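Below you'll find the structure, written out as C-alpha cells, and then a few comments.
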Amino acid sequence: MSRILVTGATGNVGKHVVSQLAGAGLQVRALVRDPDRAKLPEGVEAVNGDLSVPETLEPALKDVESVFLIWPGFAAETARDVVAAIAAHARRVVYLSADVEDLADGESPTLFHQEVERLIRHTGLSWTFLRPVGFAANTLGWADQVRQGVVRWPYGEARRSLIHEKDIAAVAVHVLTSAGHGGGKYVLSGPEQLSQAEQARIIGEAVGREVRWAELPLDVAREQLLAAWGDARFVDGALAGWGAFVDTPERITDTVPKLLGRPALTFRQWATDHATDFR
C-alpha cells in the first residue's frame, strides 16, 4: 500500500484515522501546521501545510497515492486549487463531507461541502464521499454548561442520530484500505435517535451529575452562534436544520454496520469516552 496523506490529522476524526492507519502498519503522512508540536503516533510522518494556502501542499503530496481530505472552516475559497493539487499527485481521495445532496453544474451550493464534492467529481480521481449526519463531538460545545448542571440551547426536542467520530474514522480507514468504494456516497449515522435534551441527560450520567435542559430563545441562540461562527448563512441553516428535527427526526442509516461488520457506537458510548472533557 502506497503512502496515505491525512489532512486535519490532529482533529476529532483525523487523529483516529492516523492512529488506525499507523496501527495497521501503513505509510501515513500527516498534514499539520506545526510538525514540531503535533502529537502523532510513532512512524507517522508530519509535514507542514495549510489548505488555506494551497501552494504549501506540494511537499505533503509527493509520492502520495491516497488522500483523506477534511476541509477546515465553513467556506471553500481555496478548494479549487487544493483539489487540483491533489489530482495532480494522488490517485484516490476520500472526502469527509456532510449529509448533503449532489450539486449540479451551475447550481449554487447550500453548504460548502457541495462545492468541494463537485470539484472532486470533475477530476480524474477515484473518489469516495463520507456524508455523516451530526457529529456527537459537537456536543462538546455544551461542556461549560454541563459543568454548571444546565444546558441552555434551542430545540431540546430535536431528535438526532449523532455519530461517534471513531466510527467515521473506522469507515474512512476501511475505504482507504480496501477496493470497491470508487464513486461511493456513504451517509453515516449513529444507531439511535435521541432528543438534544436526552443527549444532555446522558452526558450528565456519564460524568456523574444531573444535567437539566433549559430551552434557549432562538434570537439569543442566533446571536451566540453568530459570535462563535461568524457566518450568518451557516448559522441560519443550522438553526433551521435543528428545528426540522423536532417533527422529522434525523435519519438512521445502516452504512456503518454494513461496512464495518459491527453495530455503530451509541451516544452513551461517546459520552463515556469523553466524560473527562465535561468534568
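The values are calculated or read from the model by the stated rules, or taken from the named source; none is laboratory data. Computed from a predicted model, the values in this text were never measured in an experiment. Heads up, the Cβs are rebuilt from the backbone with ideal geometry, glycines too, and the neighbour counts pull from every protein chain shown. With ligands, DNA and RNA removed, areas are computed over all heavy atoms of the protein, side chains included. Shrake-Rupley method; radii C 1.70, N 1.55, O 1.52, S 1.80 Å.
Considering the conditions (1) at pLDDT 95 or above; (2) open to solvent by 20 Å² or more (accessible area, probe 1.4 Å), residue 2 is excluded by exactly one of them, (1). Scanning the stretch 173-194 for residues that are touching a strand residue (DSSP E or B) at 6+ places or on another chain (Cβ under 6 Å), closer than 24 Å to residue 102 by Cα, open to solvent by 30 Å² or more (accessible area, probe 1.4 Å) and not small (Gly, Ala, Ser) yields 185, 186.
How many of the residues making up the stretch 179-194 are of a type in the set (Ser, Thr, Tyr) and part of a loop (DSSP other than H, G, I, E, B)? Selection size over the stretch 179-194: 1. Scanning the stretch 201-244 for residues that are surrounded by 16 or more Cβ atoms within 10 Å (Cβ to Cβ) and under 21 Å from residue 271 (Cα atoms) returns 201, 202, 203, 204, 206, 207, 211, 213, 242. With respect to residue 54, determine if the residue is over 21 Å from residue 175 (Cα atoms) and in contact with a strand residue (DSSP E or B) (Cβ under 7 Å, 6 or more places away or on another chain). Considered against the rule, which asks whether it is over 21 Å from residue 175 (Cα atoms) and in contact with a strand residue (DSSP E or B) (Cβ under 7 Å, 6 or more places away or on another chain), residue 54 comes out as no.
Among what's in the stretch 148-164 and is buried (at least 24 other Cβ atoms within 10 Å of the Cβ) and either touching a Pro at 6+ places or on another chain (Cβ under 6 Å) or of a type in the set (D, E, K, R) (or both), pick the residue that is farthest from residue 210 (Cα to Cα). The residue in question is 163.
If you go through the stretch 239-279 and keep only what is within 15 Å of residue 133 (Cβ to Cβ) and touching a Leu at 6+ places or on another chain (Cβ under 7 Å), you end up with 253, 255, 256, 267. Among the residues of the stretch 134-178, those identified as among the β-branched types (Val, Ile, Thr) and not in a loop (DSSP other than H, G, I, E, B) are 139, 146, 150, 151, 163, 168, 171, 173, 175.
On the given criteria, is residue 229 in contact with a strand residue (DSSP E or B) (Cβ under 9 Å, 6 or more places away or on another chain) and in contact (Cβ under 8 Å) with a residue 40 or more places away in the chain?
In short, no.
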